[in-house]
Ligand code: ADP
Ligand code: ASP
Ligand code: MG
């Protein structure tokens, strides 16, 4: 079997979902499980309505919900025609009424909890998957809608829940496998899951890719396909450099580094389940389905270019900790990292001197609270609006003088931190966020004006 995941833009309207149905029909002989995201921008809209309700703005919350309802009804009606739409309309209506009730409840209690936020933000995938399943059935695809919350089990870290793989795999075998055995096409929402007790959770923004990988690994898929709005993984974000090249093939390790350091085309956790089961992952374009896309597999092909791609991760804060009261005593680093661990805050990059440590964290983490705790140990300052730029490629291992080549391409850039060697396939550094477009295009021009046709298109 294979897993086919379609992102928000691939299911943004009736025309897009119609294209998706045609793509799925071509693969029926491979026994696909289909995972869909919410319609494009709907998750943002749901989070905005949750925030409005939490702030007591009932009218705004319900108005946002009303426009989401209208968009889903008209998408479903365009896809299905009036008659078939009437068959699923009562279910959609009950879902949206439930959403409104929840929003009113949040306004009434005057508090938005992370748990309620997850129930609201996951609503988009609940309804998009029902609409896609109905559209497939009408187009002679034997689709069965499956509630992902009954299949994917997580802990209760709301907003970024962690899958419990053993239980999830059992449930997938119990709920999905029999459908595949009966030649059905299961259609599930990405991003959403629930705890063992059945409380809804989500896997973090962009998490539908992760859902697809969890399903693929759980059912031993022969391939996981991530269908999106670009031709594959590119040498950098095509929004930053329109002349970015498609990468034809890349290793799990390289792609994982790129995803972690900002290549939004793939959710950073996606490759972990695929690596464990050695399942190839393909990135494909639902608007250009004949294109070969990018193939991500265990071993990287040899390339004449030093790097495979450049990624940039914005919204980074640099935290500087200076031990003025004593020189780096034994156990100092441990006590600093304990503070980050206590706040469950992941650290991306670290650099140390004898008396100081600098680390980078995502700006949306609770930096002020972390700094307050660190201040008990040392002097602390932190600064946001930074970005990590990361160049990735297996050839870094075997090419001398890489850092000189990179930094001489951007000689006047203010570099705040540098890291090389940790993974051997990545060189990364921190710059001001505003400098990202210029720095990335200059690096791209330097390293990708000529590309190896075996590896890049
Ligand atoms: P989906 O909704 O299908 O999950 P996303 O918006 O999450 O799609 O990811 C696709 C987007 O990722 C592209 O439109 C592109 O702007 C961005 N992107 C960032 N870095 C890269 C890269 N290296 N290669 C391809 N796309 C990238
Ligand atoms: N709809 C979710 C989001 O926008 C998940 C996803 O699209 O992957 O974050
Ligand atoms: Mg995505």
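The values are calculated or read from the model by the stated rules, or taken from the named source; none is laboratory data. From a predicted model like this one, the values you see are computed outputs, not experimental measurements. Every residue, glycine among them, receives a Cβ derived from its backbone with ideal geometry; neighbour counts consider all protein chains shown.
Could you please find all residues in the range 1-19 being within 16 Å of ligand 2 (Cβ to nearest atom) and either over 21 Å from residue 77 (Cα atoms) or under 20 Å from the mean Cα position of the chain (by Cα) (or both)?
3, 4, 5, 6, 7, 8, 9, 10, 11, 12
Exactly one of (1) within 16 Å of ligand 2 (Cβ to nearest atom); (2) surrounded by fewer than 21 Cβ atoms within 10 Å (Cβ to Cβ) is unmet by residue 242. Its number?
(1)
If only one of 133, 212, 221 is in contact with a strand residue (DSSP E or B) (Cβ under 7 Å, 6 or more places away or on another chain), closer than 20 Å to residue 27 by Cα and within 16 Å of ligand 1 (Cβ to nearest atom), which one is it?
Exactly one of 133, 212, 221 is in contact with a strand residue (DSSP E or B) (Cβ under 7 Å, 6 or more places away or on another chain), closer than 20 Å to residue 27 by Cα and within 16 Å of ligand 1 (Cβ to nearest atom), namely 212.
Among the residues of the range 30-46, which ones are part of a helix (DSSP H, G or I) and closer than 24 Å to residue 214 by Cβ?
Matches in the range 30-46: 30, 42, 43, 44, 46.
Return the pair list, or none, for Cβ contacts closer than 9 Å from residues in the range 420-437 that are without any contact (Cβ under 8 Å) to a residue 60 or more places away in the chain to residues that are surrounded by fewer than 17 Cβ atoms within 10 Å (Cβ to Cβ) and assigned to a helix (DSSP H, G or I), at least 6 apart or on different chains.
Note: pairs meeting the criteria are 420/403; 424/397; 427/403; 429/407.
Anything in the range 252-273 that is more than 16 Å from ligand 3 (Cβ to nearest atom), touching a strand residue (DSSP E or B) at 6+ places or on another chain (Cβ under 7 Å) and either in contact (Cβ under 8 Å) with a residue 60 or more places away in the chain or under 28 Å from residue 13 (Cβ atoms) (or both)? List them, or say none.
Selection gives 254, 257.
Out of the residues in the range 414-432 that are surrounded by 17 or more Cβ atoms within 10 Å (Cβ to Cβ) and more than 24 Å from residue 253 (Cβ to Cβ), which is modelled with the highest pLDDT?
Taking the candidates together, the pick is 431.
Among residues belonging to the range 396-407 that are in a helix (DSSP H, G or I) and in contact with a helix residue (DSSP H, G or I) (Cβ under 9 Å, 6 or more places away or on another chain), point out the one that is nearest to residue 306 (Cα to Cα).
Out of the qualifying residues, it is 396.
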